Amino acid sequence: MAQIILDRLAAEFPRGEIEQIGSQHGNEWARVRRDAWLQVCTFLRDDPTLQMQMPIDLTAVDRLGREPRFDVVLHLYSVTKKHRVRLYAGVPEEDCMLDSAVGIWPGLNWFEREAYDLYGVRFRGHPDLRRILMYPEFVGHPLRKDYPKEKRQPLVRRSGIPGSPE
Amino acid sequence: MGLEIYNSTVQAAVNWARKFSLFQYPFVTACCGMEFMSSAAPKYDLARFGAEFPRFSPRQADLLVIVGTITERQAPALRRIYDQMCEPKWVIAFGVCASSGGFYQNYSTVPGADQIIPVDVYIPGCPPRPEQVLDALILLQERIQRGEGHSQVVLKAEAGHDVPIASIRPRNRIGQGGPMDAGGVAGPADSGRVSGGAGPRGAGT
Amino acid sequence: MDDSTDSNAPKGLGASLARRVVLGVQDVEDMELPTDPVPLNMGPSHPAMHGTVRMVLDVEGEKISNVDIQIGYLHRCFEKESEYATYTQIFPYTDRLNYVSPMLNNVGYAIAVEKLLEIDQKIPERAQYIRVIVGEMSRVTDHMTCLGAGAMELGGFTVFLYLLKAREWLYELLEEISGARLTHSFVRIGGVSGDLPDGFAGKLRDVINRSRGVIEECGKLLNKNRIFRDRMDGIGIITKEDAITWGITGPVGRSTGLDYDVRKDHPYLVYDRFDFDVPVGSVGDNFDRYMCRVEEMQQSMRIIEQALDQIPSGRILVDDPRVRLPAKSETYNSIEAMIAHFKVIMDGIHVPPGEIYSYTEAGNGELGFYIVSDGTGRPWKCRVRPPCFANVSVLMKVLPGLFIADIVPTFGMINMIGGECDR
């Protein structure tokens, strides 16, 4: 039902910026090359046939064992055309950076901060990139697959309790 | 001899007054807050036990009700609020998250508020029914009448006095004692030596 | 403060007071009172904050010049826990997301997994109607709690008690169905876990009629109340363009004039069979958000009554052996059923590899579940798109310029639920 988005994307970006497109379980998705991220996002917002004005969600997926390790996933919605799309951008672990889309949709401010906090993906150009859900003294990025679930970093010292570092 | 009887009668009267005029500080964080509201609501009225009006300042409260999950980020605030309360003060851990961490065992949840501050009465349940809350309040009132409570003991321990371990452990617990009870391995005796304050204590990344 | 101001202050103050007495009150506004911006901390444990959130305000006098909203004080690691739990074990975690309307989260999550399993068209009709009924009951409790707490923070304690009284009736009925008053874990993948008890429809209709009376009473207390209107009208205005570019949905988004409701625009379950309206505001201030919620409660009750009329009889769980547990009589008497039971519980439901983003209308807006499955019984990633995460983030644009006292109704009407915002 949102096939028009994929067709327009394929037509507008013929030089490999769109690496892959597909449709699964009623969700249309497109994989975007990392350096074309802002271009594609601006096109999706401004094109009159697409009009994806509303950002729904931005998150990251840790595909441990695959290169590039992280996928930043962006869901977009159009309130006028009522269609949706999902965008992926592969981000490797060594150069964990992606351009920030806050200039296009201001609502992604906190979503990008959360992706940085929990996965460690940095966003170039974000006005205020700091931790949002974890406290500033926390070390590490907890939703990565190699962070153990029960490794606590307590702020208030307590000793002899199972699960605490002491 | 007369002085002892006089003191104990006065003490009993003072405890009677304290138990029926508890000023609660509801430290509400999570879902248990909904059941706390329900137990203060008209159907399961908390006011008829004297614990009516929540005092939203720790300086004016004597009962700290920890309602909901305590996360690592919240822990320094909780410790600070407990320290700001005046003696005598009591603590109720409302809900299983505040008692023992609940079913959350992860990098962000403190497994029980008694890791941070000493607790007098635990209320299990996720969330507990308002009747359990009333039962806990009555149990706490009985403890107050007997003159028990953690706060006096913790102060003594921190000042270096010799305090027997048995008296620190809470005697009245609704439900079973947990793994902390067996052998007193990591008992709340350590809670007397909890030091507040921020500072990362991560054992490496 | 510099020395000249200091030495001037006593003389200036006395002289200006004298001027005021002589020339009238207008003079006071012309006085330049020296102010310094002061950082003020609200939270994380604050009576007027609905959840546990910390706001670091920069105030000049009473006016806020900058706000830093710090959430995360209830981060209970929903995503990390769900990577270690089977699909059915995640239901209790979803309950505790938006804990004032737990059934709606359950339903949203179940629909997401069912789409991945490709059984979403095969859910029995009775189960779908039951999901709609309990979901709408949860939505009513959500709005009752929000409005009650919001009114209490403005001083209207009576409204709080009335709405909690009505909420108790709904909690009793939800307890009859699911066994728990608050965190039900009632929905299962493939249907619901229990049927409606006997006599339930009559009791629910009765409760709805009485709740309508209570809501009308509270409306009489608040809608034309001079103090309430003064504190809510024109405060905290969110424009429609802001609502769209910040991703705001739900009653907050509809109050700005954005006509988007997932139940109408992308119907799921059996919502396309009901006749209900969607209240849309115009100004986007606190009072609009309040009225949107009041009207939504009325519409939810309409949906419940129609659902009780239309509900068919039948199964409550899909008859797919990959998903449902076998009947107890078979489990105890045949080895194949016992093994099937064991596999479904211990291994979890094996969901084919794939990804899905599925969205429903929760109490605060579009609740989305983005599930990445790797083919085993545990998800690779189970993300919640929390509606109030976006709703609260817009406050960093809305609050500067308001007074400190305006934070209370604004934050109350945004309805931030800590469990959902921080997960």
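With respect to residue B:68, determine if the residue is without any contact (Cβ under 8 Å) to a residue 60 or more places away in the chain, more than 30 Å from residue A:146 (Cβ to Cβ), out of contact with any helix residue (DSSP H, G or I) (no Cβ under 7 Å at 6 or more places or on another chain) and surrounded by 23 or more Cβ atoms within 10 Å (Cβ to Cβ). Against the criterion (without any contact (Cβ under 8 Å) to a residue 60 or more places away in the chain, more than 30 Å from residue A:146 (Cβ to Cβ), out of contact with any helix residue (DSSP H, G or I) (no Cβ under 7 Å at 6 or more places or on another chain) and surrounded by 23 or more Cβ atoms within 10 Å (Cβ to Cβ)), residue B:68 does not qualify.
Would you pick out the residues in the stretch A:137-155 that are under 24 Å from the mean Cα position of the chain (by Cα), hydrophobic (A, V, I, L, M, F, W, C) and at the interface with chain B (Cβ under 7 Å from one of its Cβ atoms)? Within the stretch A:137-155, A:139 is the sole residue that qualifies. Here the condition is being surrounded by 24 or more Cβ atoms within 10 Å (Cβ to Cβ) and assigned to a helix (DSSP H, G or I); of B:114, B:135, it holds for B:114 alone.
Do we have residue C:321 as free of Cβ contacts under 8 Å to residues at least 40 places away in the same chain and either surrounded by fewer than 23 Cβ atoms within 10 Å (Cβ to Cβ) or basic (Lys, Arg) (or both) here? Against the criterion (free of Cβ contacts under 8 Å to residues at least 40 places away in the same chain and either surrounded by fewer than 23 Cβ atoms within 10 Å (Cβ to Cβ) or basic (Lys, Arg) (or both)), residue C:321 qualifies. The single residue among C:248, C:189, C:227 that is within 14 Å of chain A (Cβ to nearest Cβ), in contact with a Leu (Cβ under 8 Å, 6 or more places away or on another chain) and of a type in the set (A, V, I, L, M) turns out to be C:248.
Given the structure, is residue C:124 modelled with pLDDT under 95 and touching a strand residue (DSSP E or B) at 6+ places or on another chain (Cβ under 7 Å)? So residue C:124 passes the test.
Based on what the data block shows, is residue C:235 more than 19 Å from the chain's Cα centre (by Cα), assigned to a loop (DSSP other than H, G, I, E, B), more than 29 Å from residue A:58 (Cα to Cα) and at pLDDT 90 or above? For residue C:235, the condition - more than 19 Å from the chain's Cα centre (by Cα), assigned to a loop (DSSP other than H, G, I, E, B), more than 29 Å from residue A:58 (Cα to Cα) and at pLDDT 90 or above - is met.
Of all the numbered requirements in (1) in contact with a helix residue (DSSP H, G or I) (Cβ under 9 Å, 6 or more places away or on another chain); (2) part of a helix (DSSP H, G or I); (3) more than 20 Å from residue C:382 (Cα to Cα), residue A:37 misses one, and that requirement is (1). Could you go through the stretch B:39-62 and let me know if any residue there is more than 25 Å from residue B:111 (Cβ to Cβ), touching a strand residue (DSSP E or B) at 6+ places or on another chain (Cβ under 6 Å), away from chain C (no Cβ under 12 Å) and at pLDDT below 90. For the stretch B:39-62, residues more than 25 Å from residue B:111 (Cβ to Cβ), touching a strand residue (DSSP E or B) at 6+ places or on another chain (Cβ under 6 Å), away from chain C (no Cβ under 12 Å) and at pLDDT below 90: present.
When C:36, C:58, C:30 are checked against the criterion of being more than 30 Å from residue C:422 (Cβ to Cβ) and modelled with pLDDT of 70 or more, C:36 stands alone in meeting it.
Residue count for the stretch C:83-98 satisfying the condition of being at the interface with another protein chain (Cβ under 10 Å from one of its Cβ atoms) and surrounded by 24 or more Cβ atoms within 10 Å (Cβ to Cβ): 5. So, residue B:8, is that one among the small types (Gly, Ala, Ser), surrounded by 13 or more Cβ atoms within 10 Å (Cβ to Cβ) and either within 12 Å of chain C (Cβ to nearest Cβ) or without any contact (Cβ under 8 Å) to a residue 40 or more places away in the chain (or both) or not? Taking the combined requirement at face value, the residue does not satisfy it. When the test is whether a residue is under 15 Å from the mean Cα position of the chain (by Cα), closer than 23 Å to residue C:84 by Cα and either surrounded by fewer than 20 Cβ atoms within 10 Å (Cβ to Cβ) or more than 8 Å from every other protein chain (Cβ to nearest Cβ) (or both), residue A:120 passes it.
Among the residues of the stretch C:369-385, is there at least one that is more than 21 Å from the chain's Cα centre (by Cα), of a type in the set (Ser, Thr, Tyr) and either surrounded by fewer than 19 Cβ atoms within 10 Å (Cβ to Cβ) or closer than 20 Å to residue C:105 by Cα (or both)? Taking every residue of the stretch C:369-385 in turn, at least one turns out to be more than 21 Å from the chain's Cα centre (by Cα), of a type in the set (Ser, Thr, Tyr) and either surrounded by fewer than 19 Cβ atoms within 10 Å (Cβ to Cβ) or closer than 20 Å to residue C:105 by Cα (or both). Quick check on the stretch A:94-105. Is at least one of its residues in contact with a His (Cβ under 6 Å, 6 or more places away or on another chain), over 27 Å from residue C:243 (Cα atoms) and more than 11 Å from every other protein chain (Cβ to nearest Cβ)? There is no residue in the stretch A:94-105 that is in contact with a His (Cβ under 6 Å, 6 or more places away or on another chain), over 27 Å from residue C:243 (Cα atoms) and more than 11 Å from every other protein chain (Cβ to nearest Cβ).
Taking the conditions exactly as written (modelled with pLDDT under 95, assigned by TED's automatic domain parsing to the domain that holds residue C:104 and assigned to a helix (DSSP H, G or I)), does residue C:259 satisfy them or not? No, not satisfied. The number of residues in the stretch C:336-368 being within 10 Å of another protein chain (Cβ to nearest Cβ) and of a type in the set (A, V, I, L, M, F, W, C) comes to 1.
Among the residues making up the stretch C:386-417, those that are within 14 Å of chain A (Cβ to nearest Cβ) and more than 10 Å from the chain's Cα centre (by Cα) are C:389, C:390, C:391, C:392, C:393, C:394, C:395, C:396, C:397, C:398. Just one of the numbered conditions (1) more than 9 Å from chain C (Cβ to nearest Cβ); (2) surrounded by fewer than 21 Cβ atoms within 10 Å (Cβ to Cβ); (3) closer than 22 Å to residue C:240 by Cβ is not true of residue A:38: (3). Each residue in the stretch C:41-74 was checked for being part of a strand (DSSP E or B) and of a type in the set (Val, Ile, Thr), and 5 of them qualify. Cβ-Cβ contacts under 8 Å between residues 6 or more apart (or on different chains), taken from a first residue in the stretch B:122-151 that is within 14 Å of chain C (Cβ to nearest Cβ) to a second residue that is aromatic (Phe, Trp, Tyr) and part of a helix (DSSP H, G or I), are listed as B:133/B:36.
The values are calculated or read from the model by the stated rules, or taken from the named source; none is laboratory data. Predicted model only: the values in this text are computed from it and were never measured. For neighbour counting, all protein chains shown are included, and Cβ atoms are generated from backbone atoms with ideal geometry for every residue, glycine included.
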